[in-house]
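Q: Got a structure here, written out as structure tokens. Questions coming.
Computed from the coordinates by the stated procedures, all read-outs in this text should not be read as laboratory data. From a predicted model like this one, the values you see are computed outputs, not experimental measurements. Reconstructed Cβ throughout: ideal geometry from the backbone, glycine too, with neighbour counts over all protein chains shown.
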Amino acid sequence: MALKLSKSKAELTGEVVVDDAEALYQWLAANPKGTVSLGKLTHMHTAVVQALAAAPRPITAMPADPFLAECLRQLTAQQQDN
Amino acid sequence: MSPLLQQFITDSHDILERMSQALLALEKNPGDEGVIDELFRAVHTLKGNSGLFDIPTFTRVVHAAEDLLDKVRDKELSIDNDLTDELLESMDFIQRMVDMVEASGAIPDDFTDEADARIERLRALLPESDGHDLVFEEPADQVQPPDTLDWIARIPEAERLDACLASGGHALSAIRYVPEPECFFKGEDPLLLLRNLPGRQAFVISPIEPYSAQAEIDVYRSNFELQALSTASPAEIRDHFRYMPEQVAVYAVPPTALAIAVGEDLSDDGLRDDFLANAETLLAKGDVALLAVAAGAVLDLISPDLKTASMLRFIRQLALAGAEVPVLSALVKALATGEVPSLDIADAAAESLQDAVPPAAPAPRVKSAGASGLGRNTLAVQIVTTQRQLLDLPVPPDQWDGRLLAIGNTLRSLLAVQGGSEAVGALEAVLANCAEERSFLSLAFHLEALLPSGDDDIEDPSDSGALPASVAVAAVPVRSDAASADTLGDAPKAAAEHGDKSARVLKVPQEKVDRLMDLIGEMVVAKNALPYLATKAEEVYGSRDLAREIKAQFAVINRIAEDMQDGIMQVRMLPMSSVFQRFPRLVRDVARQLGKRVRLVLEGEEAEADKHIVESLGDPLIHILRNSLDHGLETPEARRAAGKPEEGRITVRASQEGDRVLIEIEDDGKGIDPAVIKRKAFEKGLIDETRLESISDQEAIQLVFAPGFSTAETVSNLSGRGVGMDVVKNSLEKIGGQVRLTSEKGRGTRIALTLPLSVAVSNVLMVKMNGQRFGVPMDVVVETVRVPRDEIHVIKGRRVSVLRGKIVPLFGADELLSLPEAPIANAEGEYAVLVVRVDGATVGMIVDGFAQTTDVILKPLEGPLSGLAGFAGSALLGDGSVLLVLDMKELMNGA
């Protein structure tokens, strides 16, 4: 399973598909203090990125993939600007 | 005539046909927007097509009609009878022009005046307020390039520097991609697209609505705007985004736009001024390499955090990348002023780079830069040329679809940038056509048209681009496609949507089908030789087992041959709708001309018959309809007086009855008065006095089919132009049809035609005479009887017999066929009599005996034999012998 949700941590690994976006967003909404770990992420669907952008949480491990890292950097940075 | 022109003509006929149907449908139901759209698309296609040929008169008239329909579409004008009349007449005129083009390849000058008058009249119908030109419409939801390049400033300097290097000093492609909110539901992943963007450099993702401002967020509604830089050509990028072209804007960004200096604006100890002085000299000399070195030297000396340093880095980077002098001068100037390289400069630079990368998307939509803009754009021309060459390369069948897809995608992206939406639309249509025909031909033509020729100066580029679109519009009204035939212009669209489905419809020249049918016919005959062989094996060689095996094999081959025959017949079948579709227009026009109100009811249009039959039906049916309208139906006043509804009704009904198709034309008009017919016939000498007295009403009515009979008092321009019902009857009989007319005075007339489903195979009864066999077509045979010698009476040298209470004249086959020996009776003294019905009369032919019935492929007699009267043709039998098939009608007439 690419999306692993525990009480305090959401772990995204491999390829996270569009269907997981809803679950992740629900989790993020329910766990305002949770953290997100993306260390082993290879790709996530745009909707998943959107969930993370909409409810930003501390990211304990950035994806190794430079493209994803850049996406998250931009989206979470903007959040702080706004 | 070039195949392209040929195709244009065929398609024009088709489009005009469907346009007239749509117009009629519209007249009945003026609010039907679907039909209006179809109509508009059709005329638009027609106009586009015509632009490829040197027929400006044609294009102008069509254009005027298009303008009018455009107003109708915009609801500024409503469809009424006058408008329909005008449009229908214009279409007739266009049709005549098409005919002229078909006949002579050009439109004669004398059409010009009429064309002008017609355009004048069409324009007169336009609403007064017309002032704006609607040459081009922007799709409302097309994403546009952003107004400013501010987003580039959000890219970190390091990435911008990388992009500068990658650009090689040339303009970069910039992309603004706004995925539609529902895109996730379509299986799209915008980020994946961005990730895989060819030549991707820096990119910027931003939410359209800040998330913090939204109370409730639906993660499945995309809220992103993506902007990116790429070194790939706009064509490649368009191809990449080929599934969502409207959500993407591609435009060029000059490298100077990336050089946005950031950093502290502190003193640099005059190093900047030194560099500036140095740079000016170097640029004057054009020494770009040295400029890079100079910039590098200064960079080593100053703090990298300075704004000056930032700009210097861009100068060095671009110099290293091999940028042109104007680009670098712009940067040096920016360094001097401390400002961002101004957009003016940027634009100037962009312009100088135009050859490399076409400008932003909206620009090419400017009319002057349409398809002919291709002529100036060498890159685009190269791409098109390459695709054109690809079309000529052989391609294995299993890769055919892929090849078409690939070429289509490339061109689509190119045209989206170069030619605007219209050109893309045209291309789509051509592609759909290609897929349908499984031939690259029309695409090749399309590309040839796009490529600049020596004297290429096309008047209206957008039109020339759109042109072969119409070519594709000729949705092949092949049988299985009947449904698509009623939706007019959008056939290609439908075809594109159901690409897989339509690709399975083949357009095959009729000759090929005919050849196949001939071969199958021979096969049928050849297999019929097997039973003879079986008999021979048993009787001559005495091998009963072998005979049985041959018979078993024959059963198998027979079944296959019959299936084959059935299959090929199905291929040739055409629905009646292909003839019926001509009727509504005809009926409407004639009715309006005569001041009658008529409702035409068409039924059973889906009934099918052989193509040859269906096609031969058209003219006779039109003649019958005209007769009904002219002579049958009364004027509204007369109808009211007779207590009937004012609106007359004509029903044309087709149905299948066994192996024949039945067509009934019924009207509720005044019917035929037998008394009038009798008198007329007598006056014209068609019947004599005795017959006048004895003839029954029902028989009298059939006299309308007699040659030289016409009841119209005055010759109107409708019916009664000397072509009578006899012609109708003859032409139907030629294809094996029969006509029956029934009428009730004051109530209406009904004409029933029965036709064979297929002409290829005839069922014949074989009769024996003088040891020879002859065939008689089964459809004239009434019965076969044995008549005892003493029941044959001779009256005035004529033999007759009484059969079933009727006197039937008998003819000896020996007399009819000039055979030496008279028919022989059997042991009981009975003669074999074949009773046939010819021209409504029952006659008997005495023969030696009857043989079996058989299916044969009837071939007309050819060469010196074709003059022989009394024979319908010859057929080959299974045993290799030739069977002469009799034409009973001709034989009896000769008797």
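Q: Let me know the shape class of the stretch B:576-756, please: from the alpha-carbon gyration tensor, a ≥ b ≥ c as square roots of the eigenvalues, rounded when a/c is under 1.5, otherwise prolate if a/b is greater than b/c, or oblate.
A: Working: a/c = 1.73, a/b = 1.15, b/c = 1.50.
The shape class here is oblate.
Q: Give the aspartates and glutamates whose C-alpha is closer than 17 Å to that of B:Lys536, dropping any in the same chain fewer than 8 places away, or say none.
A: B:Asp545, B:Glu549, B:Asp879
Q: In addition: Name the long-range amide H neighbours of B:Val598: under 5 Å, sequence gap of 5 or more, or other chain; modelled H, no Pro or chain starts.
A: Long-range HN contacts for B:Val598: B:Gly648.
Q: Give me a comma-separated list of calculated 3J(HN,Hα) values for the stretch B:821-832, in order, Karplus coefficients 6.51, -1.76, 1.60 applied at θ = phi - 60°, integers in Hz, x for any Gly or Pro.
A: Karplus values, whole Hz, x for Gly and Pro: 10, 6, x, 9, 8, 7, 4, 7, x, 9, 9, 7.
Q: Still on this structure: Express in whole angstrom the spacing between the alpha-carbon centres of the stretch A:1-74 and the stretch B:853-895.
A: Comparing the Cα centres of the stretch A:1-74 and the stretch B:853-895, I get a distance of 86 Å.
Q: Sequence gap at least 6, Cα distance under 8 Å: using those rules, report the relative contact order of the stretch B:816-895 to the nearest whole percent.
A: Here the relative contact order equals 23 percent.
Q: Provide the packing ranking of B:325-334, B:437-446, B:656-665, i.e. peptides ordered by the mean count of other C-beta atoms within 10 Å per residue, highest first. Don't skip to the end; give the middle numbers.
A: Working: B:325-334: 22.3, B:437-446: 20.3, B:656-665: 17.2.
Sorting B:325-334, B:437-446, B:656-665 by mean packing, highest first, produces B:325-334, B:437-446, B:656-665.
Q: Report, ordered by chain and residue number, the lysines lying within cross-link reach of B:Lys307, taken as a straight Cα distance under 16 Å and ignoring same-chain residues fewer than 8 apart.
A: B:Lys333
Q: Further, regarding this structure: Using the Karplus curve 6.51 cos²θ - 1.76 cosθ + 1.60 with θ = phi - 60°, what ³J(HN,Hα) values do you get for each residue of the stretch B:511-526, in whole Hz, with x for Gly and Pro?
A: Working through the residues one at a time gives 4, 5, 5, 4, 5, 4, 5, 4, 5, 5, x, 5, 4, 4, 5, 4 Hz.
Q: Taking a ≥ b ≥ c as the square roots of the eigenvalues of the Cα gyration tensor of the stretch B:193-284, is the shape rounded (a/c under 1.5), prolate (a/b larger than b/c) or oblate? Mind dumping the intermediate values first?
A: Working: a/c = 4.55, a/b = 1.73, b/c = 2.63.
Oblate, because a/c is 1.5 or more while a/b does not exceed b/c.
Q: If you average the C-alpha positions of the stretch B:216-288 and of the stretch B:610-640 separately, how far apart do those two centres end up, in angstrom?
A: Value for the Cα centre distance between the two parts: 72 Å.
Q: Excluding same-chain residues fewer than 8 positions from B:Lys889, which lysines have a Cα within less than 29 Å of its Cα?
A: B:Lys889 reaches B:Lys611, B:Lys678, B:Lys680, B:Lys684, B:Lys729, B:Lys734, B:Lys768, B:Lys796, B:Lys806, B:Lys859.
Q: Continuing with this model, one more query. Using modelled amide H (1.01 Å from N, peptide plane; none on Pro or chain starts), what sits under 5 Å from the amide H of B:Phe224, excluding residues fewer than 5 places away?
A: It is B:Ile208, by chain and number.
Q: Which whole-number percentage describes the relative contact order of the stretch B:576-756, with Cα contacts under 8 Å and a sequence gap of 6 or more? Could you put the intermediate results ahead of the total?
A: Working: 308 pairs, mean separation 43.6, N = 181.
Reported as a whole number, the value is 24 percent.
Q: So which of B:Lys28/B:Lys644; B:Lys644/B:Lys745; B:Lys75/B:Lys596; B:Lys596/B:Lys670; A:Lys4/A:Lys40; B:Lys28/B:Lys596 end up more than 18 Å apart by C-alpha?
A: B:Lys28/B:Lys644; B:Lys75/B:Lys596
Q: So, one more: Explain nothing, just compute: Karplus ³J(HN,Hα) = 6.51 cos²θ - 1.76 cosθ + 1.60, θ = phi - 60°, for every residue of the stretch B:80-90 in order, whole Hz, x for Gly and Pro.
A: These are the phi-based 3J(HN,Hα) values: 10, 4, 5, 4, 4, 4, 4, 5, 4, 5, 4 Hz.
Q: Would the stretch A:3-81 count as rounded, prolate or oblate if I go by the C-alpha gyration tensor, calling it rounded below 1.5 in a/c and otherwise prolate when a/b exceeds b/c, oblate otherwise? Don't skip to the answer; put the middle values down first.
A: Values: a/c = 1.35, a/b = 1.09, b/c = 1.24.
Taking the square roots of the gyration eigenvalues as a ≥ b ≥ c, the stretch A:3-81 is rounded.
Q: Rounded to the nearest 500, what is the 222 nm mean residue ellipticity of chain A from helices alone, with -39500 (n - 2.57) per DSSP H run of 4+ residues and division by all residues?
A: Working: 3 runs with 36 residues, N = 82.
My calculation for chain A gives -13500 deg cm²/dmol from helical runs alone.
Q: Also, I was wondering about something else. How large is the dipole of the stretch B:17-106 about the Cα centre if only Lys and Arg carry +1 and Asp and Glu carry -1, each at its Cβ, rounded to the nearest 20 debye?
A: Working: 9 positive and 20 negative charges, 54 e Å.
So the magnitude is around 260 debye.
Q: Mind checking A:48-57 for the average number of partner chain beta-carbons within 10 Å of each residue's beta-carbon? Intermediate results must be reported in sequence, preceding the final value.
A: Values: counts 3, 6, 13, 3, 1, 8, 9, 3, 2, 0.
What the average comes to for A:48-57 is 5.
Q: Turning to a different aspect of this structure: I'd like the distance separating the alpha-carbon centroids of the stretch B:803-836 and the stretch B:551-608, in whole Å.
A: A separation of 39 Å, based on Cα centres.
Q: Considering Cα pairs under 8 angstrom that are at least six residues apart, work out the relative contact order of the stretch A:3-81 and quote it in whole percent. Walk me through the numbers before you get to the answer.
A: Numbers: 123 pairs, mean separation 23.4, N = 79.
Answer for the stretch A:3-81 is 30 percent.
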